[in-house]
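What follows is calculated from the coordinates using simple rules that are stated; it is not laboratory data. Since we're looking at a predicted model, the values are computed, not measured. Counting neighbours? That spans all protein chains shown, and the Cβs are built from the backbone with ideal geometry, glycine included.
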Amino acid sequence: MPVKSLRGASRRAMLALAVCGLAIAALAGIALAKASAPPLLGVASNAPVTNISGVTKHESIVVDRHAVAVYWLAGETTQHPLCTKAAHCFGAWPPVTKPGNLKLDAASAIKGKLRVWQRNGFSQVTLGGHPLYTFAGDVPKKRSATGEGIASFGGVWHAALPNLGSSTAHHSPTPPPPPPTTPTYPSGY
């Protein structure tokens, strides 16, 4: 083989090795990004939780992977949905969903059972049997809850506590007033 052909073959081999190296590095980066992704649900400690009366308490609450407070609607179950797309609930209370590529996982401090409820063409996350939502009024106020005690869509909304659905679950904020006939939201919403 002529010297010129060997140099060309050597360059092609080096180029092929470089391309393989870049591909391996890219795959390793993707694997590392997936491994270090936050859990689907986490806990915000000492988070401000403001109820409909304007009273703020600080407690540990459940947050989604974007650190936005998570809520549940008292009186709602997967067999008896109250917050529905048809009722225009999802605009104010977007469901917490599980994208297909994410694991169904939660921070170790969350004690309730985590599941997925298949509804309306998406996978909604439930905790301790309660469908979970975020509140449009909280965004971009991360790690805080301002929707506590809002009465709407046939129930009262509560910030999810880490023990939601466990045998020790309770909620400490001031009880809300009886549900009105029309939805109520905090001032400025």
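Structure above, values below:
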read-out	value
Computed over the range 41-159: relative contact order in percent, which uses C-alpha pairs under 8 Å that are six or more apart	36
Dipole in debye (nearest 20) - the range 35-152, about Cα centre, beta carbon charges: Lys, Arg +1; Asp, Glu -1	260
Where labels lie 7 Å past Cα in the beta-carbon direction, separation of HIS88 and SER108 in nm	4.6
Overall dimensions of the range 41-159 by Cα: Rg and Dmax, Å	13.3, 40
